[in-house]
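Sharing a structure below in structure tokens format, with a few things to ask.
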Amino acid sequence: EEEKAARRRAMDEAAKAATEIPLNAAQSCLEGLDLALQAVPAASTHIVSDVAAGAIMMHGALSAALLNVDINLKSVRDESARADYAASRARLQQKGDERHARITAAFAARMG
């Protein structure tokens, strides 16, 4: 019985780690989008499309990482932790989508 409890605890910790890792990756992508948002108005016209293209890839990577969160949330048995992770997931997707839209608009304005 003690072995089962220890195994269950280990599985619970593994599920949390498996959820936190893609959340952290998505946060890093959001930080990259923030940099791209700053770069679009400052970048040379020769490279502004590269900045926008990179932002599209970062937004895709953010969304892809959050798909892993969706799968891993099912394995998190701690309801409070699961709710916190789900809220972080929703916040990151919303902010990533918003940053992506702003970058796209700024790029379109630069291309006039």
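Students often forget the sequence filter, so: which lysines lie under 21 Å Cα-Cα from Lys74 once same-chain residues fewer than 8 apart are removed?
Cα-Cα hits under 21 Å: Lys4, Lys16.
Let me ask something else. Quick check for you: which residues of segment 11-36 have the amide N under 16 Å from the point 7 Å beyond the Cα of Ala87 toward its beta carbon?
none
Okay, next question. So what is the relative contact order of segment 11-61, in percent, for Cα pairs below 8 Å that sit 6 or more residues apart?
40 percent.
Taking the chain as the reference, fit the longest principal axis to its C-alpha atoms, fit the long axis of helix 79-111 to the helix C-alpha atoms, and give the angle between the two in degrees, 0 to 90, nearest 10.
10 degrees
Something else: Compute the helix-to-body angle for 48-73: its Cα long axis versus the longest principal axis of the chain, expressed 0 to 90° and rounded to tens.
The two axes meet at around 10 degrees.
Still on this structure, I have one more. Would you mind counting up the charge near Ala55? Only other residues with Cβ under 14 Å from its Cβ, with Lys and Arg at +1 and Asp and Glu at -1.
Residues close to Ala55 contribute a combined charge of -1.
Per the 1.4 Å probe, what fraction of the accessible area of segment 1-89, in percent, lies on carbon and sulfur atoms?
Its accessible area is 58 percent carbon and sulfur atoms.
For the full complex of protein chains and a 1.4 angstrom probe, list Thr19, Thr104 by accessible area with the highest value first.
Putting Thr19, Thr104 in descending order of accessible area: Thr104, Thr19.
Sticking with this one: Specify which labelled value, from (1) 121; (2) 75; (3) 92, agrees with volume of the Cα convex hull per residue in Å³ derived from the coordinates of the model shown.
For volume of the Cα convex hull per residue in Å³, the calculated option is (2).
The values are calculated or read from the model by the stated rules, or taken from the named source; none is laboratory data. None of these values were measured; they are calculated from a predicted model. All Cβ positions, even for glycine, are placed from backbone atoms using ideal geometry, and neighbour counts span all protein chains on display. Only protein heavy atoms, including side chains, enter the accessible area calculation; ligands, DNA and RNA are left aside. Shrake-Rupley method; radii C 1.70, N 1.55, O 1.52, S 1.80 Å.
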